[in-house]
Every structure is written in C-alpha cells, then in structure tokens.
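One structure is given here, and the rest of the page talks about it.
The values are calculated or read from the model by the stated rules, or taken from the named source; none is laboratory data. Since the structure is predicted, the reported quantities are computational estimates derived from the model, not experimental observations. SASA here: full protein model, heavy atoms, side chains in, ligands and nucleic acids out. Shrake-Rupley method; radii C 1.70, N 1.55, O 1.52, S 1.80 Å.
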Amino acid sequence: DAEEHVIWDESEVQGYGRWIWAPELHKIGDSWYFLSTASLDETTGGNFNIRPFMMKCNNSEEITNPDSWGEPERVKTKNDGNPAGSSSLYIATSDPSNPTQLTSTCSVITVPEYVWELERYKVNEGPAVLQKDGKVYLAFSASGTGSEYCVGLLTGNADDDLTKKENWVKTPYPIMTSGDFNDELCGPGHNSFTVDEYGNAVIVYHARPADTHAGHTG
C-alpha cells in the first residue's frame, strides 16, 4: 500500500520513448541510480535496438522527488563489440564515480546452451547478484517470456576475476520454473534480491497467472 511516485516520464526526452524494460534501482557509492533499457531509435530497429541507460539521484534524502533525478545517460562501452548471436550475459568493470562509463572490455560469461535456455528463444538475460560466504551467486532468466521462462544460476568465488568466463560455474538445470508453482503461476524470470525486516535474503521475480498463457502467447 506504499504510495507511488513518478520520477521520470520517457515522453519528455527524445530518443528514450520505447522499450523501457527491466528497471532496477542500485546504490553505487553514496548515490542512488535508476537503470533501465531504452530504444536507440524510436522508429526503426524493433525491440532489440536497445541500450541501457542510467539516471542519478542528486538528493538521496528526497529519492521520490522527480526534481532530485538527473537526466538519462546511456551506458558507454570502452570499445565497440559485436553480440554473440543470441541473448547472452556480458560483464565489464565500471567507474564507481561515473558508473555509466565501462572501464574494461566486455566479455561473455554465459550463452544459452541447455534445453531450458533455448525454448522459443535463445535467451540469457536479467542478471541479479547475491553474495554470501565468499561466493557470488548470479541468477539470470532464460528462454522466452511465456510459461517457459525460468531462472538459472552462475556461481563464482568473490576473490576471483569474475570478468573471465572460466571463473563462473553454471548450474546445468534451472533453479526456478513454472513447475515449482503447481501451475498456479507461470514464467518466473527477471529477478532481483533484497532483504526482509529480519535480514533474510528475498528474491523478487517476474511471473504471471497460469491462465494468462493458455494460448502460449508469451
């Protein structure tokens, strides 16, 4: 029952008017940042002609005030690179004082390879990280966004160079699927982590009622 606050309207900024997908809120250093995707061109390229962007909150004491937020800024790569041919997960370091600037070459840490990552679409997307006892757990979404959508897991050691694919181990099966909900919910996917009032880890994830997928429309 929390009050909703609009911090940004994409129609007010040219070039950011479509495909506002996968919004996240992160605290980097002492500042809050809003992170999402947006189209590069509002008229061509379809829904895959997108790039991430960030907005910085300039007053963390008034995070719900739209006047506290700066203008959207595209995330800038250190060098141009071509995608691996499917929806894969890339990783790079960034400048903590300006997280829109990547400071290392992007590398691929997982590509769709198992059957559960290849249903309808070849997809690895929506990474979210949980750290515990020297381990880094990276949950991600796989396959299309219908009832086949599911959550996979990569695991790495916090002390290793996690920009290298060989330092990650992929669990060969999904850790969350539609079958985990007795067909009441479908398509658990794009997730993030937070903690409850007792400090316990909580996963927040995308899902829909099963009857939404009766026609397998996605």
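Over the chain, average the accessible area per residue using a 1.4 Å probe and give it in Å², no decimals. Intermediate results must be reported in sequence, preceding the final value.
Working: 13060 Å² over 218 residues.
Value for the chain: 60 Å² per residue.
Within the listed set His206, His26, His190, the residue fluctuating most in the Gaussian network model of the chain (springs between alpha-carbon atoms under 10 angstrom) is His26. The 3J(HN,Hα) values that the Karplus relation (6.51, -1.76, 1.60; θ = phi - 60°) gives for the stretch 167-177 are, in residue order, 8, 10, 10, 8, 5, x, 9, x, 8, 8, 9 Hz. Gly and Pro appear as x. Taking the 1.4 Å solvent-accessible surface of the stretch 1-148 as the whole, the part contributed by carbon and sulfur is 49%. The length gained by stretching the chain between Leu40 and Glu197 to full extension, at 0.36 nm per residue less their Cα-Cα distance, is 52.6 nm.
In the complete set of protein chains, residue-level accessible area for Ser192 is approximately 50 Å², probe 1.4 angstrom. Taking every protein chain into account, the 1.4 Å probe leaves Val195 with about 90 Å² of accessible area, to the nearest ten. Taking only the Cα atoms of the chain, the ratio Rg/Rh comes out at 0.95, with Rh defined as the Kirkwood radius. Between the amide H of His190 and those of His206, distances stay under 5 Å, these residues lying 5 or more places away or on another chain, with hydrogens modeled in the peptide plane. At 10 °C and 1.306 mPa s, what whole-number value in µm²/s does Stokes-Einstein give for the translational diffusion of the stretch 50-136, with Rh from the Kirkwood sum over Cα pairs? D = 101 µm²/s.
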